[in-house]
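A.B. asks: Before I ask anything, let me first share the structure, which is written out below as C-alpha cells.
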C-alpha cells in the first residue's frame, strides 16, 4: 500500500511545483518509506526512478523531467 501511494505522491509534488512556475533540478530527501514503514529502500527507489509525468499533469509550455534518479550515499 505504501509503494502504491509513493508514485502518485511524488507525481503530485512535481506537478504542484510546475504549476507554481518552478522547475525541479533535483529533489533531496531521506530514504523515504524505509524508516517507520519498513519498506526496503530499493523498492521505493525503483518506484521513484520509474516515475513518469504526462502533459496533463504539468502546465503547457513546461518541460517534463528527462530523468529522475534516486541517489543513495552508500
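A.B. asks: Just name the residue that is farthest from residue 50 (Cα to Cα) out of those in region 14-35 that are outside any loop (DSSP other than H, G, I, E, B) and in contact (Cβ under 8 Å) with a residue 12 or more places away in the chain. Outline the logic, then answer.
C.D. replies: Our first condition is that a residue be outside any loop (DSSP other than H, G, I, E, B); within region 14-35, this holds for 14-19.
From the residues that got through so far, the ones that are in contact (Cβ under 8 Å) with a residue 12 or more places away in the chain too are 14-15, 18-19.
Details: 14: 14, 15: 16, 18: 19, 19: 22 Å.
So the residue we want is 19.
A.B. asks: Going through region 36-74 one residue at a time, which ones are modelled with pLDDT under 75 and outside any loop (DSSP other than H, G, I, E, B)?
C.D. replies: 55, 56, 57
The values are calculated or read from the model by the stated rules, or taken from the named source; none is laboratory data. What you are looking at is a predicted structure, and each value in this text was computed from that prediction instead of being measured. In this analysis, Cβ positions are derived from the backbone assuming ideal geometry, glycine residues included, and neighbour counts consider all displayed protein chains.
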